[in-house]
Amino acid sequence: MEKPIIIFGAKGIAHPALEIFNSHDLVVFGFLDEDESLHKKEINNITVLGGPEDDGFLKLIGKKCEAFVAIDDAKYRESLVKMLNEKRKVQPVNALHRMAYISTDAAIGHGNFINAKVTIGAAAEIGNHCILHTNATIEHQARLGDFVQVGAGAVVNSGVTIEDGAFLGSGVTVVAGIKIGKNARIGAGSVVIADVAAKQTVFGNPAKVIEK
C-alpha cells in the first residue's frame, strides 16, 4: 500500500487505527468526521480535515489516497462504506496490528480493524468491515460475516458462524459450532452455549434471551 490513507471518523477506533498505520510506516493524510467541533483539530499530529462527505477530499479517494472507515456504529459504518463503493468505486483498506496473529490459511476481506493480540486461526473466515478488539480470539474454521464487532478478550471457538452485523461484547465466549444470527447482540462476559437468532439480545452464563 503506497498511497496515503484518509480515515473516516475521528473518535473510537480512529486513534488506534492511526497507530496501526503509523507502525507500518504508512502515511495518514487526515481524518474526516461529521462532528464540526473536531474540524481543524489534531489527533497525534494528524488533522481532522472536514466532514466525510466533503467532495474536495472524497475526490482524492481511489486516485491519490486510500480510505479506512473507523466508525464503531455498524449502520453508519455501512453507509460510509456504501458511499465509498458507489461514489469512488473503492473498498476501504484493512488496519492490521503488527502484534495480531493471522494464520496463513485464514481468509480476510476488506476494511477490517484487527487490533493487538488478536488471534485468527487456520481456515477461519473474516468478512468485510469487521472490528476485532484487543486480544479477541477467532479459532480455526470459525466464520464471521460483514460488519461484525468482537469485543476485547472475546473467544469465538472453532466452527462458530457469526452472521452480518452481530455484536459480541468484551469477554464473551462462544462455544464450538454455535451460530449467531444477523444483527444479534451478545452482552459482555456472556457464555453462549446455544444458537442465537437474528436480532436477539442475549446475556449471562449461560447466555439467555433478554426481552426488549
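Note: relative contact order over the stretch 151-191, using C-alpha pairs below 8 Å and six or more positions apart, is 43 percent. If you take the Cα centroid of the stretch 49-69 and the Cα centroid of the stretch 140-188, the two points sit 31 Å apart. Using DSSP, restrict attention to beta bridges with both residues in the chain and report what percent are antiparallel, rounded to the nearest 5. Beta bridges within the chain, antiparallel portion: roughly 10 percent. How much of the pair distance distribution for the stretch 154-212 lies past 17 Å, counting alpha-carbon pairs only, in percent? Value for the stretch 154-212: 22 percent of Cα pairs lie more than 17 Å apart. By the compact-protein rule of thumb, 2.2 N^0.38 Å, the alpha-carbon radius of gyration of the chain corresponds to a ratio of 1.02.
Distance distribution P(r), the stretch 87-212, all Cα-Cα pairs, bin width 10 angstrom from 0: 16, 50, 27, 7, 1 percent. Applying the Karplus relation 6.51 cos²θ - 1.76 cosθ + 1.60 with θ = phi - 60° to the stretch 194-202 yields 3J(HN,Hα) values of 9, 4, 10, 6, 4, 6, 6, 10, 10 Hz, where x marks Gly and Pro.
Residues whose amide H lies under 5 Å from that of V191, counting only those 5 or more places away or on a different chain, are T173, G204, N205, A207; hydrogens are built 1.01 Å from N in the peptide plane. Karplus-derived 3J(HN,Hα) values for the stretch 150-163, using 6.51 cos²θ - 1.76 cosθ + 1.60 with θ = phi - 60°, are 10, x, 4, x, 5, 10, 9, 6, 4, x, 6, 10, 10, 7 Hz; glycine and proline are entered as x.
Let me check against my output: what whole-number percent is the relative contact order of the chain, with C-alpha pairs under 8 Å and at least 6 apart? All intermediate terms of the calculation are to be shown ahead of the outcome.
On the way: 588 pairs, mean separation 22.0, N = 212.
Once divided by the residue count of the chain, the mean separation gives 10 percent.
Counting only alpha carbon atoms, the long axis of helix 74-83 and the longest principal axis of the chain meet at about 40°.
A convex hull fitted to the Cα coordinates of the stretch 30-80 yields 89 cubic angstrom per residue. Computed from Cα atoms, the angle from the helix 14-23 axis to the main principal axis of the chain rounds to 80 degrees. Dividing the Cα radius of gyration of the stretch 95-139 by 2.2 N^0.38 Å, with N the residue count, gives 0.97. For A95, the amide hydrogen comes within under 5 Å of the amide hydrogens of N112, F113, I114, counting only partners 5 or more places away or on other chains and with H modelled in the peptide plane. Counting only DSSP beta bridges whose two residues both lie in the stretch 5-93, roughly 15 percent are antiparallel.
Near V28, the amide H atoms lying under 5 Å from its own belong to I5; only residues 5 or more places off or on other chains count, and H is placed 1.01 Å from N.
Geometric descriptor of the stretch 5-93, per residue, is 84 Å³ (volume of the convex hull of the Cα atoms).
From the Kirkwood radius over Cα pairs of the stretch 37-152, Stokes-Einstein at 10 °C and 1.306 mPa s returns a whole-number translational diffusion coefficient of 105 µm²/s.
Laboratory data are not the source of any read-out in this text; all were calculated from the coordinates shown. Please read these numbers as outputs of a predicted model, since none were measured by experiment.
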